[in-house]
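Q: So that we are looking at the same thing, I have put the structure below in structure tokens.
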Amino acid sequence: MFFRHSNEIWSEFPELVPGVLSAEGITSTADVEGRIAKYHAIATERLARRPESEMAEIQAWRRGFSKMGLKPTQYRCASEALLRRFRQEGSLPRLHPLVDLCNAISIAFAIPVAVFDLSKISGNIEVRHASCSESYFTFSGEVEHPEAREVIFADAAGQAHARRWTNRQSGLSAMRDDTHSVLIVAEALHGSAASDVPKLIDTIAAELAAIWSIEVRQGVLSSSSPRFDLSSAMNLQLQQKQD
């Protein structure tokens, strides 16, 4: 079981920098409010200097959405949508401690961060163009079929776990109270992404270690090293449990 971006995605977006992290042992009872406040303060300071639409990280994703044939002010990347809501309302909704934490880190870095329940993913997961045969489950329980050539997170069973790349995640693999194994993906296209994404992934890893006292596997992918092996991560975690 592995995560990767297709060769076609790398060819179309050579500036892409993805960071990936997997972990086992997440619970829904952790208190993350104090840690969230720290990242919200960073986002507040950044927004005081300029609106999210003028941030380099967001502008790069807007260019990416335009390249995919999408209107960037109609379909916003996840970090822009969160920053926009945070600017307007001064807070973000609470969903699950890990999701809340990753959302806070996402707006601090202005980089989209996706959190998936690994138990809901069938086989390998790849960021690729859709073929129209995939199924996407909304949070309301409806089934959609992504349009041909739309960029999706697709697993081996033809389930789309995100639509329009970094725009909208599926309800199927969303975090639940009983979620324990997770895949976290951060992706950026801006000029300093090569240094920003590793910092973001290191930040999440440090928070998971501090809050849940768990070890994680992490990596930063590239066109020459595009694959993150989830099987190794899961085997290591099982071994640690047995020890």
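The values are calculated or read from the model by the stated rules, or taken from the named source; none is laboratory data. What you are looking at is a predicted structure, and each value in this text was computed from that prediction instead of being measured. Here the Cβ positions follow ideal geometry from the backbone for every residue, glycine too, while neighbour counts run over all protein chains shown.
Q: Please name all residue pairs, on different chains or six or more residues apart, with Cβ atoms under 8 Å, provided the first residue is in the stretch 198-214 and is at positive phi and the second residue is crowded, with 16+ Cβ neighbours inside 10 Å and basic (Lys, Arg).
A: From the stretch 198-214, no pairs qualify.
Q: While we're looking at this one, here's another question. Against the condition crowded, with 18+ Cβ neighbours inside 10 Å, of a type in the set (A, V, I, L, M, F, W, C) and under 19 Å from Val99 (Cα atoms), how does Ala130 come out, does it pass?
A: Criteria not met by Ala130.
Q: Look at Arg4 and say whether it is surrounded by fewer than 20 Cβ atoms within 10 Å (Cβ to Cβ), among the basic types (Lys, Arg) and touching a residue at least 24 places away in the same chain (Cβ under 8 Å).
A: Answer is no for this residue.
Q: In the stretch 39-92, what residues are surrounded by fewer than 19 Cβ atoms within 10 Å (Cβ to Cβ), among the hydrophobic types (A, V, I, L, M, F, W, C) and in contact with a helix residue (DSSP H, G or I) (Cβ under 7 Å, 6 or more places away or on another chain)?
A: Matches in the stretch 39-92: Ile42, Leu47.
Q: Within the stretch 150-167, can you find the residues that are touching a strand residue (DSSP E or B) at 6+ places or on another chain (Cβ under 7 Å), in contact (Cβ under 8 Å) with a residue 60 or more places away in the chain and of a type outside the set (Asp, Glu)?
A: Passing the criteria: Val151, Arg164, Trp165, Thr166.
Residues checked against (1) touching a Cys at 6+ places or on another chain (Cβ under 9 Å); (2) assigned to a helix (DSSP H, G or I); (3) farther than 30 Å from Arg128 by Cβ:
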site	(1), (2), (3)
Phe3	no, no, no
Glu8	no, yes, no
Leu21	no, no, no
Leu47	no, yes, yes
Ser53	no, yes, no
Lys71	no, no, no
Ser79	no, yes, no
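Q: Go through Ala114, Ala41 for me and flag whichever is among the hydrophobic types (A, V, I, L, M, F, W, C), free of Cβ contacts under 8 Å to residues at least 12 places away in the same chain, out of contact with any Pro (no Cβ under 9 Å at 6 or more places or on another chain) and under 21 Å from Ile204 (Cα atoms).
A: Ala41
Q: Would you please name the residue that is surrounded by the most Cβ atoms within 10 Å (Cβ to Cβ), looking only at residues in the stretch 93-127 that are among the polar types (S, T, N, Q) and not in a loop (DSSP other than H, G, I, E, B)?
A: The residue in question is Ser106.
Q: Find all pairs meeting these conditions: Cβ atoms under 7 angstrom apart; at least six residues apart or on different chains; first residue within the stretch 170-185 and more than 11 Å from Leu118 (Cα to Cα); second residue modelled with pLDDT of 95 or more and surrounded by fewer than 18 Cβ atoms within 10 Å (Cβ to Cβ).
A: Gly171/Thr138; Asp177/Ser28
Q: Separate question: Restricting to the stretch 173-192, and then to whatever is over 22 Å from Asp229 (Cα atoms) and crowded, with 21+ Cβ neighbours inside 10 Å, can you tell me which residue is farthest from the chain's Cα centre (by Cα)?
A: Among residues in the stretch 173-192 that are over 22 Å from Asp229 (Cα atoms) and crowded, with 21+ Cβ neighbours inside 10 Å, the one farthest from the chain's Cα centre (by Cα) is His190.
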